[in-house]
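Participant: This is the structure, below, for whatever I ask next.
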Amino acid sequence: MGGMKTVAQRSLAPGFLIASPPLGDPNFDRTVVLLAVHDADGALGFVVNRLAPMSLGEVLSLAGYEGAEVKDGSPVFIGGPVTPSMGWILCRDPDLDATQDGVIAVTDRVRITSLRSVFDEMVQARIKAPNTPDPKRRTVLLGYSGWGPGQLEQEIAAGSWLPVPLDEGVLFDVEVEKRWEKAYALLGLTPGAVMSMRGRGVA
């Protein structure tokens, strides 16, 4: 009885989407997207290698924080072109309850959240230990990237994106400017090799 339902697609989340060179859309040129959700309703992801033109302190100030944290010069990322005024925290925090509204469980350890309480916790941790590495590896992202039903599949079929498995090392340990190349390296490829392969395929 229950065997009639077929799965139309395999979810690519959690994973990375690597922008093919050159993508054409300036919002996504040379980007690595952390794909957090992908199902029949569409897809949701966050660019993880594009720095925003403002610091963490400036973002916190805009969000209503008023203490020493507004002087924090740490980098912030542009998560995508959708709702760019909304802040999210990417973190390695398996204890963050993924059943709450505003929390996305990317993997069993990686979370993305817009909860104010998590921002408060991050601010307190940075005030208490300003020069100490954050064990939760919290990163602030502005905005997100979204695709409607079937849209991402079409873009992948057109060659705009290369889906690859998620690698926490690329996500948390690789320098921002090297993440695009490192994500390609997960497949044993380089962007240049992909360009030359594509060139040979064009009549």
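Participant: Looking at the chain, identify the longest residue range that excludes and avoids all trypsin sites (Lys or Arg not before Pro) in DSSP loops having at most 10 other Cβ atoms within 10 Å.
Facilitator: Segment 11-203 is the longest.
Participant: Could you work out [θ]222 nm for the chain from helices alone, using -39500 (n - 2.57) per DSSP H run of at least four and dividing by all its residues? Round to the nearest 500 deg cm²/dmol.
Facilitator: -6500 deg cm²/dmol
Participant: Is any residue of the range 43-78 close enough, with backbone N under 14 Å, to a label point placed 7 angstrom from the Cα of GLU153 along the Cα-Cβ axis, and if so, which?
Facilitator: Residues passing the 14 Å test: 43.
Participant: Still on this structure, please answer the following. Rounded to the nearest 10 degrees, what's the angle between the helix 116-128 long axis and the longest principal axis of the chain, both from Cα atoms, 0 to 90?
Facilitator: Approximately 60 degrees, to the nearest ten.
Participant: Which entry in [x] 12.4; [y] 10.3; [z] 13.8 matches mean projected area of the Cα convex hull in nm² derived from the coordinates of this structure?
Facilitator: This structure yields the entry labelled [z].
Participant: Moving to a separate point now. State which stretch of the chain is the longest one without any exposed GluC sites (Glu not before Pro), exposure meaning a DSSP loop state and at most 13 other Cβ atoms within 10 Å.
Facilitator: It runs 67-174.
Participant: Turning to a different aspect of this structure: Just to check I understand the Karplus step: with θ = phi - 60° and J = 6.51 cos²θ - 1.76 cosθ + 1.60, what whole-Hz values come out for the range 85-102, glycine and proline as x?
Facilitator: Running phi through 6.51 cos²θ - 1.76 cosθ + 1.60 with θ = phi - 60° gives 7, 8, x, 10, 10, 9, 8, 9, 8, x, 7, 6, 5, 6, 7, 6, 4, x Hz.
Participant: So, one more: With springs only between Cα atoms under 10 Å apart, run a GNM on the chain and tell me which of PRO133, PRO84, PRO165 wobbles the most.
Facilitator: PRO133
Participant: Determine which aspartates and glutamates satisfy two conditions relative to LYS182: a Cα distance under 16 Å, and not lying fewer than 8 residues away in the same chain.
Facilitator: Excluding near neighbours in sequence, the set is ASP29, ASP167, GLU168, ASP173.
Participant: How far is helix 191-200 tilted, in degrees, relative to the longest principal axis of the Cα atoms in the chain, given as a value from 0 to 90 rounded to the nearest 10?
Facilitator: 20
The numbers here are math on the coordinates, done by the rules we state, and not lab data. Quick caveat: nothing in here was measured; it's all calculated off a predicted structure. Counting neighbours? That spans all protein chains shown, and the Cβs are built from the backbone with ideal geometry, glycine included.
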